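First comes the structure, then the notes that go with it.
The values are calculated or read from the model by the stated rules, or taken from the named source; none is laboratory data. Keep in mind that what you see is a predicted model, and the values were worked out from it rather than measured. No Cβ is skipped: glycine too gets one built from the backbone with ideal geometry, and neighbour counts run over all protein chains shown. Ligands, DNA and RNA are excluded from the accessible area calculation, which covers all protein heavy atoms including side chains. Shrake-Rupley method; radii C 1.70, N 1.55, O 1.52, S 1.80 Å.
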Amino acid sequence: MPGNSFGQTFTFTTWGESHGAAIGCVVDGVPPGVALAEPDIQKHLDRRRPGQSRYTTQRQEADTVRILSGVFEGVTTGTPIALMTENADQRSKDYGEIVQTFRPGHADYTYLAKYGLRDHRGGGRSSARETAMRVAAGAVARKVLDHILTAPVSVRGALVQMGPHGIDRARWDWDEVDANPFFCPDREAAREWADYLDGVRKRGSSAGAVVEVVAEGVPAGLGEPVYDRLDADLAKALMSINAVKGVEIGNGFAAAATSGEDNADEMRMGADGPEFLSNNNGGVLGGISSGQPVVARFAVKPTSSILIPRRSVTQSGEETDVVTKGRHDPCVGIRAVPVGEAMLALVIADHLLRQRAQTGTAGPVRTF
């Protein structure tokens, strides 16, 4: 398999390049009868869309989505759903000087090593432009979750660190996430980040970030206990996002510094079954959802396209310095927030359909 598809029962395949005519995806495995229209998808694409502030790339793309198949009279038919958005604001001439030069931190060299050729225009298939279709597929996944489950599943994300500057979790407010250009849940941190990123941008440099995604309302019992663990699939999903270099579930790496008694998620019996007293394991135990919020974080490296000269080599073996021109995100982690949300929704939808196929139920097999 060439690696353009994700999922087993709920699957999606993306296609297209950054500077091609269009990008799109095919979503398969969606049950029939799910209410779906283009506005259901567009509202999520609008959150990821470039050019909405001075803190993101100024490429102007409407990212207007079209449903080409799989929907009839407002509901899904059970057949593959094809989605497409046209590219409108490519400036391929910005990349003319790097036709024969490898940009440090980019996939230029590795693509050439794998395929023997590369699309130098914005990185081609390796461009973060591809993630727009992940967001589109994730919007379909959210509709599937709403269709199957009686209780709603909330999938949300936030930027919790920019460069070395983290949020104060005591000030976490979900309402703040869409009230600032950083998807930041801490109003004061967002103000500080504005000044910090302005300085980074004016220097011609870039900053990394950490994104946290949370799914609440996920029923217990989703996931497999060995190779197809819910957290393993989620880690793969998040790690597949452009520029992501680390993923953690729950307490993640911080768990290594705790004791067994502190890290254990103790339980007491509630009116509707076991109730957990903490969520150190991020809603997943033994690869299977516990019914608690599924919590994951991923680290995004600084954007590799910067105006500060970096040392590199050409395809002919000559040493050179590279300055990457064009329109680029000074912190690519900002627009990675809706992408992380989409990948979380896609993983949960896939495992929900797999659970229903295996056990005949979308929730716990046994209730207390």
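In the set Thr314, Thr367, Thr361, Thr324, only one residue is among the hydroxyl-bearing types (Ser, Thr, Tyr) and either in contact with a Phe, Trp or Tyr (Cβ under 7 Å, 6 or more places away or on another chain) or at pLDDT 90 or above (or both); that residue is Thr314.
Is it fair to say Leu145 is more than 15 Å from the chain's Cα centre (by Cα), at pLDDT 95 or above and open to solvent by less than 10 Å² (accessible area, probe 1.4 Å)? Taking the combined requirement at face value, the residue satisfies it. Residue pairs whose Cβ atoms lie under 8 Å apart, sitting 6 or more positions apart in sequence or on different chains, and linking a residue in segment 241-270 that is open to solvent by less than 60 Å² (accessible area, probe 1.4 Å) to a partner that is of a type in the set (Lys, Arg), are Ile241/Arg134; Ala243/Lys301; Val244/Lys301; Val247/Arg297; Glu248/Arg297; Gly252/Arg297. Scanning segment 287-304 for residues that are in contact with a Lys or Arg (Cβ under 8 Å, 6 or more places away or on another chain), over 23 Å from Arg201 (Cβ atoms) and open to solvent by 20 Å² or more (accessible area, probe 1.4 Å) yields a single hit, Ile288. Across segment 271-286, the qualifying residues are those that are free of Cβ contacts under 8 Å to residues at least 40 places away in the same chain and of a type in the set (A, V, I, L, M, F, W, C), and the one among them that is surrounded by the most Cβ atoms within 10 Å (Cβ to Cβ) is Leu285. Can you tell me which residues in segment 260-311 are part of a strand (DSSP E or B), small (Gly, Ala, Ser) and under 30 Å from the mean Cα position of the chain (by Cα)? Hits for segment 260-311 are Ser289, Ala296, Ala299. Applying the criterion of being assigned to a strand (DSSP E or B) and not hydrophobic (A, V, I, L, M, F, W, C) to the residues of segment 162-184, the residue that is least open to solvent (accessible area, probe 1.4 Å) is Gly166. Pairing residues of segment 159-181 that are in contact (Cβ under 8 Å) with a residue 24 or more places away in the chain with residues that are among the β-branched types (Val, Ile, Thr), at Cβ distances under 6 Å and at least 6 apart in sequence or on separate chains, gives Leu159/Val211; Leu159/Val337; Val160/Ile167; Val160/Val210; Gln161/Val210.
Mind checking whether some residue in segment 56-70 is modelled with pLDDT of 95 or more and part of a strand (DSSP E or B)? Yes, segment 56-70 contains a residue that is modelled with pLDDT of 95 or more and part of a strand (DSSP E or B). Counting the residues of segment 305-336 that are crowded, with 22+ Cβ neighbours inside 10 Å and in contact with a strand residue (DSSP E or B) (Cβ under 7 Å, 6 or more places away or on another chain) gives 6.
Selection within segment 89-117: residues that are open to solvent by 80 Å² or more (accessible area, probe 1.4 Å) and not in a helix (DSSP H, G or I). The member of this set that is modelled with the lowest pLDDT is Arg91. Considering Ala207, Ala136, the condition of being in a helix (DSSP H, G or I), at negative phi and in contact with a helix residue (DSSP H, G or I) (Cβ under 6 Å, 6 or more places away or on another chain) is satisfied by Ala136 alone. Can you name the residue in segment 121-133 that is part of a loop (DSSP other than H, G, I, E, B) and surrounded by fewer than 22 Cβ atoms within 10 Å (Cβ to Cβ) and is also modelled with the lowest pLDDT among such residues? The selected residue is Arg121.
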